[in-house]
Every structure is written in C-alpha cells, then in structure tokens.
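**Q** Starting off with a structure, shown below.
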Amino acid sequence: VQDILGTRMVDTDYGSAGVTGKASYRVRETGTVTAFYLRNQQFDIRRYDRLLGGDGRNVAAFKPQILDFGYARYQDVIRDGIFVEATFSVNRQTDGREDQRFRDSTLRIEENSVTAFGYEFMASSNAGEHLLSMGAEVYDEYINAFRHEASGREVTPVRPRVPNGSRYTSFGA
C-alpha cells in the first residue's frame, strides 16, 4: 500500500503559529491589574475527506483559521475585607472555507468572524462563618460573514450560512 499511496496521507499536513503574553501590575498594596493576549493561526488546512481521500474535489480548504483572545482584569481588596474583581475580555474567532468541485467550476469562498465582548464583575466578603459572593457576566457577540462565488472573472456575492450582522447577548448572575 505504501508503494501506491506513499508513507503519509496527502493533504493532511498544516502549519500553525501563535503568540501569547501576560503582564501584571500592582496597584496600591492590595490591587492588581492583569492583561493577557493570545493569538493562534493555522495555515494550509485542507479537508482530506473532500479531496483525494473523499469525494475528489479540486479545492476543499479551511482558511483563514484565526483565534484572538485577550482580557484585562482588576482585582483588589477594598474596605472591610471585600474582594472585588472586574474583567473585560475580547474573543474573536475567524474561520473560512474555499470549495471547488472541478478546476473549471465555481469557486465558493466564505469567511465568518465572531467577536464576543465579555464583561464580568464579582464581589465577595466574609460574613461571620459564611462567605457571601455575588457577580454578573454579560457577553455581547457580533457576527461578520460574507460568501461569494467566483466563476472565471465574474464574482457574485451570495447569502452566507449565517446572516451578516447577526448579534446576540447573554447574561448571567
């Protein structure tokens, strides 16, 4: 089998790159501000199940594949031993795909980006033998999506899988 197919499956390798960083700063004697950032991107991801190993498409790729995530957090002990924490975060995930059955058929290209803004607040305090704690979180999410089909030199926008401009908000307390 290796003589016919080779020692590894074709179209299954891909590259990846990323960066991460974190910084912390002391505020007064009891407070801390922390910032964190992470980015990861994958390159040359092809769908083996749709290419030679599957239904024989000319192009079946996931691109781009990007994750951006970061937050800023403030933590402090304020009067009477009350601990507070507030966090703002941004999480953006971008993915896309390209698909073409034959070399001379229509190339479908789409890209979706979901950006979620997070807001979190929490406070806690000792009350005798008990710990009282309260908090709330809100996530506000936005979707940017596009899709178009290219046939020769003609490019036609078509409706994306998820409507462009979609938005939703979730809340918890």
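The values are calculated or read from the model by the stated rules, or taken from the named source; none is laboratory data. Quick caveat, the model's predicted, so the values are computed rather than measured. Please note: Cβ atoms are built from the backbone with ideal geometry, for glycine as well, and neighbour counts cover all protein chains shown. The accessibility values were calculated without ligands, DNA or RNA, using every heavy atom of the protein model including side chains. Shrake-Rupley method; radii C 1.70, N 1.55, O 1.52, S 1.80 Å.
**Q** Report, to the nearest whole %, how much of the accessible area of the chain belongs to carbon and sulfur atoms, 1.4 Å probe, protein only.
**A** 53 percent
**Q** Evaluate E = 1/(1 + (r/R0)^6) for Ser125 and Phe88, where r is the Cβ-Cβ distance and R0 equals 25 Å; express this FRET efficiency to the nearest 0.05.
**A** 0.60
**Q** When a/c is below 1.5 the answer is rounded, else prolate if a/b is larger than b/c, else oblate, so apply that to the range 80-145 with a ≥ b ≥ c taken from the square roots of the Cα gyration tensor eigenvalues. Don't jump to the answer; show the numbers that get you there.
**A** Values: a/c = 7.05, a/b = 5.26, b/c = 1.34.
Prolate.
**Q** I've got another one for you. How much length would be gained if the chain were fully extended between Asp3 and Ser105, taking 0.36 nm per residue of separation minus their Cα-Cα distance, in nm to one decimal?
**A** 33.5 nm
**Q** At 0.36 nm per residue, and after removing the present C-alpha to C-alpha distance, how many nm does the segment from His148 to Leu67 gain when stretched out fully? Spell out each step's value before the answer.
**A** On the way: separation 81, 0.36 × 81 = 29.16 nm, distance 2.29 nm.
Gain on stretching His148 to Leu67: 26.9 nm.
**Q** Net charge near Ala35, counting Lys/Arg +1 and Asp/Glu -1 over other residues with Cβ under 12 Å of its Cβ?
**A** Value of the local net charge: +2.
**Q** Quick one: which residues, 5+ away or cross-chain, put their amide H under 5 Å from the amide H of Ser166? H built at 1.01 Å from N.
**A** Ile143
**Q** Now for a separate question. Tell me, what does the Kirkwood hydrodynamic radius of the chain come to in angstroms if you use every pair of distinct C-alpha atoms? Kindly include the intermediate steps, with their values, before the conclusion.
**A** Details: mean 1/r = 0.0496 Å⁻¹.
It works out to 20.2 Å.
**Q** What's the center-to-center distance, using Cα atoms, between the range 99-173 and the range 15-50 in Å?
**A** 18 Å
**Q** Using amide H atoms built 1.01 Å from N in the peptide plane, name the residues 5+ places from Asn58, or on other chains, whose amide H lies under 5 Å from its own.
**A** Amide H neighbours of Asn58: Gln100, Arg101, Phe102.
**Q** With a probe of 1.4 Å, find how much accessible area the chain has per residue, and write the answer as a whole number in Å².
**A** Heavy-atom SASA per residue in the chain reads 69 Å².
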